[in-house]
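The values are calculated or read from the model by the stated rules, or taken from the named source; none is laboratory data. Quick caveat, the model's predicted, so the values are computed rather than measured. FYI the Cβ positions are ideal-geometry reconstructions off the backbone, even for glycines, and counts take in every protein chain you see. SASA here: full protein model, heavy atoms, side chains in, ligands and nucleic acids out. Shrake-Rupley method; radii C 1.70, N 1.55, O 1.52, S 1.80 Å.
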Amino acid sequence: MIYTLTFNPALDYAVYPTTLVLGKTNRSQTERIDFGGKGINVSYVLHQLGEPTTALGFVAGFTGRALCDMLQEAGVRCDFVRLPGGMTRINVKIKSDAETEINASGPDIPADALETLYGKLDAMVAGDTLLLAGSVPTTLPRDVYETICARITGRGIRLAVDAEGTLLQSVLKYHPFVIKPNRDELSAIAGRELTEDADIEAAARVLQAAGACNVLVSLGADGAMLLDETGRVHRAPAVGGKPVNTVGAGDSMVAGFLSGVRQGYDYALRLGIAAGSATATSLTLATREEIERLL
Ligand SMILES: Nc1ncnc2c1ncn2[C@@H]1O[C@H](COP(=O)(O)OP(=O)(O)OP(=O)(O)O)[C@@H](O)[C@H]1O
Ligand SMILES: [Mg+2]
């Protein structure tokens, strides 16, 4: 089972006014609500690929119930901790001439709710995978990722991490099975702009030396590079047509990689790219049909 963790999931409310005038009443032509959160995206795409997955995290209020309903309708299993107060956030995306976003802060996560989550992690078994993705809400202890890693280490559980900067660096000592920085994130850690493949590979090797088994570097429209645990480099270009909505492309790539890795690293990279590109070149997250077509 592949478990994903989303501390602060969201409903993304997109409105489409032709123009946006501040301080006036604006009318939207159409609206949509999608679930949001990196771990949830990964679970959604894993489910598309037929991979058993459970989304973990925290939800609250009526928006939290709506989120669970939406995931259930999509067939994604979830086992969220329900918080006693507050509500799962709604992020507002105003898609006019320009795109304006208002991201909400989300509910407080009290210490006992965190303990309830830890209890769920304690029930994971050897062979399971845990994906940690995204930043840590400011209301949680800053070292919560490390606490979680320490808790699952030595139990035969695979760790996958998609996070930035010091947060990513702080978990390398727990030997994550895979980390997935994008070009900007890897550049920030390396302290210089990485453009050539040779520079990207060198920076990936530094993260491997620091503890990561597999380093998957996503390069947007340029595809991705995988430095596998044996030290071999795999490189493949992106696929598909014009980008339509790249939100969640990286999450989709993580799902494709985790689903494909049983069939070898070359295949895992290709399935990761197919899933990432399927998301980037369509309006919504990757569907099974689109991933298979691009693969
Ligand atoms: N413009 C594009 N055209 C085709 N495929 C793309 C495009 N952008 C991204 N992808 C695909 O998605 C994968 C991941 O993209 P990217 O490097 O942008 O991830 P990311 O920056 O982590 O994204 P996220 O916004 O989800 O965090 C790429 O390796 C590629 O396969
Ligand atoms: Mg990303």
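Among the residues of region 1-24, those identified as in a loop (DSSP other than H, G, I, E, B) and crowded, with 18+ Cβ neighbours inside 10 Å are PHE7, ASN8, PRO9. Among the candidates ARG183, ARG205, the residue that is within 16 Å of ligand 1 (Cβ to nearest atom), touching a Gly at 6+ places or on another chain (Cβ under 9 Å) and open to solvent by 30 Å² or more (accessible area, probe 1.4 Å) is uniquely ARG183. Selection of first residues in region 160-178 that are under 10 Å from ALA212 (Cα atoms) and open to solvent by less than 20 Å² (accessible area, probe 1.4 Å) and of second residues that are modelled with pLDDT of 95 or more and in a helix (DSSP H, G or I), restricted to Cβ pairs under 6 Å at least 6 apart or on distinct chains, gives the following pairs, ordered by first then second residue: VAL161/VAL171; VAL171/TYR145; VAL171/CYS149. Somewhere in region 84-92, is a residue loosely packed, with under 13 Cβ neighbours inside 10 Å, out of contact with any Gly (no Cβ under 7 Å at 6 or more places or on another chain) and either at positive phi or not hydrophobic (A, V, I, L, M, F, W, C) (or both)? Yes. Scanning region 186-202 for residues that are more than 15 Å from ligand 1 (Cβ to nearest atom) and either modelled with pLDDT under 95 or small (Gly, Ala, Ser) (or both) yields ALA190, GLY191, ALA198, ALA202.
Residues of region 244-295 that are in contact with a Phe, Trp or Tyr (Cβ under 8 Å, 6 or more places away or on another chain) and farther than 19 Å from HIS47 by Cβ: LEU269 alone. The single condition among (1) more than 16 Å from ligand 2 (Cβ to nearest atom); (2) in contact with a helix residue (DSSP H, G or I) (Cβ under 8 Å, 6 or more places away or on another chain); (3) open to solvent by 30 Å² or more (accessible area, probe 1.4 Å) that ALA198 does not satisfy is (2).
Residues in region 25-50 that are under 21 Å from VAL247 (Cβ atoms), open to solvent by 10 Å² or more (accessible area, probe 1.4 Å) and outside any strand (DSSP E or B): 7 in all. Only a single item in (1) among the polar types (S, T, N, Q); (2) modelled with pLDDT of 95 or more; (3) part of a strand (DSSP E or B); (4) farther than 19 Å from GLY134 by Cα is not met by THR54, and it is number (4).
Rundown of residues vs (1) in contact with a Pro (Cβ under 7 Å, 6 or more places away or on another chain); (2) not in a loop (DSSP other than H, G, I, E, B); (3) not acidic (Asp, Glu), yes/no style:
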site: LEU194; (1), (2), (3): no, no, yes
site: ASP199; (1), (2), (3): no, yes, no
site: ALA204; (1), (2), (3): no, yes, yes
site: LEU216; (1), (2), (3): no, yes, yes
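Every condition in (1) exposed (fewer than 15 other Cβ atoms within 10 Å of the Cβ); (2) touching a strand residue (DSSP E or B) at 6+ places or on another chain (Cβ under 9 Å); (3) among the aliphatic types (A, V, I, L, M) holds for ALA123 except the one numbered (2). Among the residues making up region 238-259, those that are of a type outside the set (Val, Ile, Thr) and touching a residue at least 60 places away in the same chain (Cβ under 8 Å) are GLY248, GLY250, ASP251, SER252, MET253, ALA255, GLY256, PHE257, LEU258, SER259. Would you confirm whether any residue within region 140-147 is over 21 Å from THR129 (Cβ atoms), open to solvent by less than 50 Å² (accessible area, probe 1.4 Å) and in contact (Cβ under 8 Å) with a residue 60 or more places away in the chain? Looking for residues that are over 21 Å from THR129 (Cβ atoms), open to solvent by less than 50 Å² (accessible area, probe 1.4 Å) and in contact (Cβ under 8 Å) with a residue 60 or more places away in the chain, one finds at least one in region 140-147, hence yes. Counting only helices (runs of 4 or more DSSP H) that sit completely within region 231-295, those holding 1 or more residues that are among the aliphatic types (A, V, I, L, M), more than 13 Å from ligand 1 (Cβ to nearest atom) and crowded, with 17+ Cβ neighbours inside 10 Å correspond to 249-260.
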